[in-house]
Amino acid sequence: MRLNELFLSIQGETSSAGLPTIFVRFTGCNLRCTYCDTTYSYYEGDAITPEDVMERIRSLACKRVCLTGGEPLIQPRAEMQALLDLLATEGYEVSIETDGSIDISKFNLHPRQRFIVDMKVPSSGMSDKMHLPNLQHLVPERDEVKFVVGDRADYEWCTALIDQHGLDPQKGYQLLFSPVFGEIEPVELVNWVLEDRLDARFQLQLHKIVWDKDKRGV
């Protein structure tokens, strides 16, 4: 596996927003979203073993870990599973931020581990790459579905997808909505969610508010 960066920060998004978290960013991505803010992760990084990743995680003395990228699930599957197994053995809470194009059913998650599936909207240019069967493999009350919205058409695409695939929050599905940074005003998205009485979590990227939006390692 190839590691781009590993650092301690606060979680900027998801249901863990604001909590101290170790970010493990892997190298490489199979998508090229128009609004990607981590293009440096496409190619930069060094080879590393799951055991060496764990050693670096332990040194930061935090029990919350986010595996991200790029796209973490394009790393060799056996090595990624080995890392998940090691994290479970040592009692870490783990979120895996995946781009929606990789089959999540091939990975065995342990208690305290969950997927954050970032479904790519039309304005990303990658919505046709989504592996829609993933939506049937989500575990309600555990996994979360994230939508990063750039305009009204994106929002309507998201709500149609939610309806078509039965992602009903009343059944435990956890929905996350955030605006593409700098593309639309956050209040627009908030108003759409409230007008539709959509039971979803609105979120902003806290790390871009606390630090400069282009700062790395935060």
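Bear in mind that the values in this text are calculations on the coordinates, not laboratory data. Remember, predicted model here, so these are calculated numbers, not experimental data.
How much space per residue, in cubic angstrom, does the convex hull of the C-alpha atoms of segment 145-218 take up?
Values: hull volume 7.3 nm³, N = 74.
Dividing the Cα hull volume of segment 145-218 by its residue count gives 98 Å³.
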The set of residues whose placed amide H lies less than 5 Å from the amide H of Gln113, leaving out same-chain residues fewer than 5 positions away, is Val94
Under 18 Å between C-alpha atoms is the cut-off here; go through segment 2-210 and count lysine pairs that meet it, provided they're at least eight residues apart or on different chains. 6
As I understand it, the value is the acute angle between the Cα axis of helix 186-195 and the longest principal axis of the Cα atoms of the chain; what does it come to in degrees, rounded to 10? 60
If I model the chain as equal point scatterers sitting on the Cα atoms and use the Debye formula, what is log10 I(q)/I(0) at q = 0.11, 0.15, 0.16, 0.18 Å⁻¹? -0.51, -0.99, -1.13, -1.46
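Please work out the Cα convex hull volume for segment 92-197 and give it in Å³ per residue.
For segment 92-197, the hull spanned by Cα atoms encloses 106 Å³ per residue.
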Alpha-carbon centroids, segment 138-197 and segment 71-91: separation in whole Å: 28
Could you work out how far helix 152-164 tilts from the main Cα principal axis of the chain, as a 0 to 90 degree angle to the nearest 10? 80
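Starting from the Cα gyration tensor of segment 1-81, multiply each eigenvalue by 5, take the square root, and state the resulting semi-axes largest first in whole Å.
On the way: eigenvalues 75, 62, 22 Å².
Taking √(5λ) for each eigenvalue gives 19, 18, 10 Å, largest first.
Using Cα pairs closer than 8 Å and at least 6 residues apart in sequence, work out the relative contact order for the chain, in percent.
Details: 403 pairs, mean separation 41.1, N = 218.
Contact order relative to length: 19 percent.
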Residues whose placed amide H lies under 5 Å from that of Cys66, excluding near-sequence neighbours: Ile22, Phe23, Val24, Ser95
Sorted by chain and then number, the residues having a modelled amide H within less than 5 Å of the amide H of Ile10, at least 5 places away or on another chain, are Thr21
